[in-house]
Amino acid sequence: MRRAELLSNIGQVHRSGCATMLCAVVLSLSGSPAAAQPTGNLPVYTSPIDVTGFRMQITAIAADRDSGRPVEVRVPGMPTDAINSTLMTPLSAQFDGFWNSPEAGGNVSRREASCTGTEGIAANITRRIAASNTPGVTAYDVTCNLATNGSMIVSRDGPTLRFGYLLRDNSVSFATTSPLTCNNQVGGPCPNDPRFRVRFATLIVFELNTRSLCDLSASPTGRVFTQGAYIEGTNVPGNIASFVAAGTFAEAQQSIGRFVDTIPLPIDAALAPLRSGTACAGPASNLVRAGFRTMEYEIVPRERLIALQAMHAGIMAPTLQVPNPDASPDSTPSFTRPQISTSQPSVQAGGVLQLSGQYFPRPTDFSTSLAVTIEHSGYGSVNSQMLNAGVCGGGATEVEWGPAGGPKRMDRLPGDLQGICQAAFRPTGLTPSTAYEFRARDCDLVTCGPISAVASTRTTPAGGNVGAFTVSLSGGTQVGTGSMSPQGTFTVPVTIPPGTPPGQHTLQVVNGNARAEAIIQVIAAGAPASMVMVGLLRNEQGCPNRPISSTQVDDTFQLAGAGFAQGNVSIHLGNATGPSLGNAVVRADGSICQTLRSPSAVGSSTIVAVQNGAVVAQLPVTFVAGSGVR
């Protein structure tokens, strides 16, 4: 049968007992009675292609750094040149050599040993006929005529390429003794003993995994199938005809399979240096695996080439964010709102208290320096950090920037050991009140992605009061000013105007677009003494206006008070002679703010303040058991 007809028939055959469509190749040989006919089923695989004499080549393809066109690139640490040198010999020729070369330490080829070896075809036929227990029938003079050269055929199933090395026109001849020959002289041989010839085809199948560049691997051993077998002649005795069952010559399949299953095939050995090289197995192998995670293949008949192409996933353009030129100080979003607190919950009109703030935007001078943030989108449609690698492996983020309409410069921000790109860029030495433009692209060890959209901003005028804030009381009266620390915090004294009426008032701090408020109780001079237990938030100090009515036993708490006479205040539990909780020093404005230790007994009680032996203030409180959670 002509090769074109053979390949045409293959496309009609569905998955067979050979476990691969390539087995169908041997079902249509030599007009065999066992030849396969089209089944009418839809084909499972793509049509097989004859690649006899085709060599294999592995290349890496990525977008050109500047033009964006796909070009062949070199992957550092990838021994593709050495591998391609090995694969210069066509696959079919490599298998011809495998089939016709001896095993290690052997003197005969695998082809010859498949026939004459101790487990060869001849021995299997002899044992098979002897086991038939037919009186007077034995096999002898077994000779093989096995093909020396084969064809190579390939089909595809997803990321797997299935290759079949096809040996056609094989035949095995043998004679048998018979009680009907040589005048009934059993035990021959005789010139007129029956002679038989079995014709068959052999297919050695192996698979190539092309899922990704670093996963390229081939079956270490092959699978052998014989098909299209038939016995020449007519009136073949049943015990001889049983050699051919469903077109399979089992004796040959077992004999040839013994060599193929125990001898490594040549293709996987050629690919092993790729998998074990530094690019795929070194410390930065996750970068290569992330960038070259898909492969394509192409059959190029004109060049007699099977091209395996590792395709670069492509790098997405980053996104740049620059400071808002109308916001001063920096309006960088925060998960924590600005917060202020007073050193005491109450103060006399004309008195002074300490006001503290935290979580305000950190002051930044945008007149000569800008904070540019860069968000990176990763490889292709999948963020590379999901693959434990960044796009800047072996590369960098390239930032192009300069005055709007003026010359631009390029800065490279290298990635870290995991390839993670830098998320911030801060140019310095800028000109105040000047418009600037920024754009960037991410590059890995072989290529770069597209450049981002332009981000524009303007530096602020020189000499601005960076981080300045004002403090005002209810009604808008300014009662304090200051500047933020580099961490966005402050502590300033605030004087309450002498004419402020008693009652609850609001202190407000304004820092650019950031604002925060706190409640303060203003009391009149000479008002009776009072106390309050207060709670502290994280990083707070003093006694802010945050009243609480209970606290844990065996713990510390803050006690604030106002309206006391100068001197010391003794704090007791229950009454003036009850257990002492400590002492507090009265400030110049008659206030106290003291850290005390709570008792060990759970329950409701009263805290009393004693001066000169008299109770001057009382506060009902409750002491509760600790929650055990810290």
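Arrange the peptides 69-78, 250-259, 126-135, 48-57 so that the one whose residues have, on average, the most other Cβ atoms within 10 Å appears first. Mind showing how you got there, number by number?
Details: 69-78: 15.5, 250-259: 22.0, 126-135: 13.1, 48-57: 19.5.
For the peptides 69-78, 250-259, 126-135, 48-57, the packing ranking is 250-259, 48-57, 69-78, 126-135.
The Rg/Rh ratio of the chain, with both radii computed over alpha carbons and Rh defined as the Kirkwood radius, is 1.34.
Both the radius of gyration and Dmax for the range 188-240 are 20.5, 62 Å, in that order, over alpha-carbon atoms. Estimated from helices alone, the mean residue ellipticity of the chain at 222 nm is -3500 deg cm²/dmol (sum of -39500 (n - 2.57) over DSSP H runs with n ≥ 4, per residue).
What is the angle, in °, between the Cα long axis of helix 91-100 and the longest principal axis of the Cα atoms in the chain? Nearest 10 is fine, range 0 to 90. Tilt of helix 91-100: around 50 degrees. Take the Cβ atoms of Ile548 and Ser604, set R0 to 22 Å, and the FRET efficiency comes out at 0.95. Of the beta bridges in the chain, as assigned by DSSP with both residues counted there, near 90 percent are antiparallel.
Among residues other than Thr116 with Cβ under 14 Å from its Cβ, the summed charge is -2 (Lys and Arg +1, Asp and Glu -1).
Please quote Rg/Rh for the range 118-181 to two decimal places, taking the Kirkwood radius as Rh and restricting both calculations to Cα atoms.
Details: Rg = 18.2 Å, Rh = 14.7 Å.
On the Cα set of the range 118-181, Rg over Rh gives 1.23.
So if we plug the beta-carbon distance of Ala423 and Thr577 into 1/(1 + (r/R0)^6) with R0 = 51 Å, what FRET efficiency do we get, rounded to 0.05? Numbers along the way, then the final one.
Values: r = 64 Å, r/R0 = 1.26.
That pair, Ala423 with Thr577, gives E of 0.20.
If packing is taken as the average number of other Cβ atoms within 10 Å across a peptide's residues, how do 160-168, 545-553 rank, most packed first? Display every interim value, and only then the final one.
Values: 160-168: 22.2, 545-553: 15.2.
The densest-packed peptide leads the list: 160-168, 545-553.
Gain on full extension, evaluated as 0.36 nm per residue between Glu400 and Thr595 minus their Cα-Cα distance, stands at 64.6 nm. Gain on full extension, evaluated as 0.36 nm per residue between Ala588 and Ala241 minus their Cα-Cα distance, stands at 112.8 nm. How far is helix 250-262 tilted off the main Cα axis of the chain, in degrees rounded to 10, range 0 to 90? The angle comes out near 40 degrees. Please work out the C-alpha center-to-center distance from the range 460-505 to the range 551-620 and express it in whole Å. Answer, in whole Å: 32.
Probe radius 1.4 Å, ligands and nucleic acids ignored: give me the carbon and sulfur share of the accessible area of the range 118-274 as a rounded percent. Walk me through the numbers before you get to the answer.
Working: 3200 of 6340 Å².
The computed percentage sits at 50.
Tell me whether the range 500-630 comes out rounded, prolate or oblate; compute the Cα gyration tensor, take square roots of the eigenvalues as a ≥ b ≥ c, and use a/c under 1.5 as the rounded threshold. Because a/c hits 1.5 or more and a/b fails to exceed b/c, the range 500-630 counts as oblate. Only alpha carbons enter this Debye calculation for the range 437-578, each as an equal point scatterer, and the log10 of I(q)/I(0) it gives at q = 0.13, 0.14, 0.19 Å⁻¹ is -0.82, -0.90, -1.29. Against the chain, whose longest principal axis comes from its Cα atoms, helix 266-276 is set at around 10 degrees. Value of Rg to Rh for the range 228-301, rounded to two decimals, is 1.33; Kirkwood radius and Rg both from alpha-carbon coordinates.
Our coupling estimate for the range 531-539, obtained by passing each phi through the Karplus curve with A = 6.51, B = -1.76, C = 1.60 and θ = phi - 60°, is 9, 8, 8, 10, x, 10, 8, 4, 6 Hz, Gly and Pro reported as x. Residues in the chain average 47 Å² of solvent-accessible surface per residue, probe 1.4 Å, ligands and nucleic acids excluded.
In nm, what is the difference between 0.36 nm times the number of residues separating Asp81 and Asn133 and their Cα-Cα distance?
Numbers: separation 52, 0.36 × 52 = 18.72 nm, distance 5.98 nm.
Value of the extension gain: 12.7 nm.
With the simple spin-label model, which puts each label point 7 Å out from Cα in the Cβ direction, the Thr489 to Gln254 separation comes to 8.5 nm.
Within the accessible area of the range 494-630, what % is carbon and sulfur when the probe is 1.4 Å and the other protein chains stay in place? Each step should come with its number before you reach the end.
Working: 3460 of 6830 Å².
Heavy-atom surface of the range 494-630 belonging to carbon and sulfur, 1.4 Å probe: 51 percent.
With the simple spin-label model, which puts each label point 7 Å out from Cα in the Cβ direction, the Tyr140 to Asp555 separation comes to 10.5 nm.
Can you tell me the order of 264-277, 422-435 when each peptide is scored by its average per-residue count of other Cβ atoms within 10 angstrom, highest first?
Numbers: 264-277: 17.6, 422-435: 12.9.
Highest to lowest by the protection proxy: 264-277, 422-435.
Can you compute the FRET efficiency between Asn107 and Val71 using 1/(1 + (r/R0)^6), with r the Cβ-Cβ distance and R0 = 41 Å? Round to the nearest 0.05. E(calc), rounded to 0.05, equals 0.25.
The values are calculated or read from the model by the stated rules, or taken from the named source; none is laboratory data. What you are looking at is a predicted structure, and each value in this text was computed from that prediction instead of being measured. Cβ: placed from backbone, ideal geometry, glycine included. Neighbour counts: every protein chain shown. In case anyone asks, the SASA skips ligands and DNA or RNA and just uses the protein heavy atoms, side chains included. Shrake-Rupley method; radii C 1.70, N 1.55, O 1.52, S 1.80 Å.
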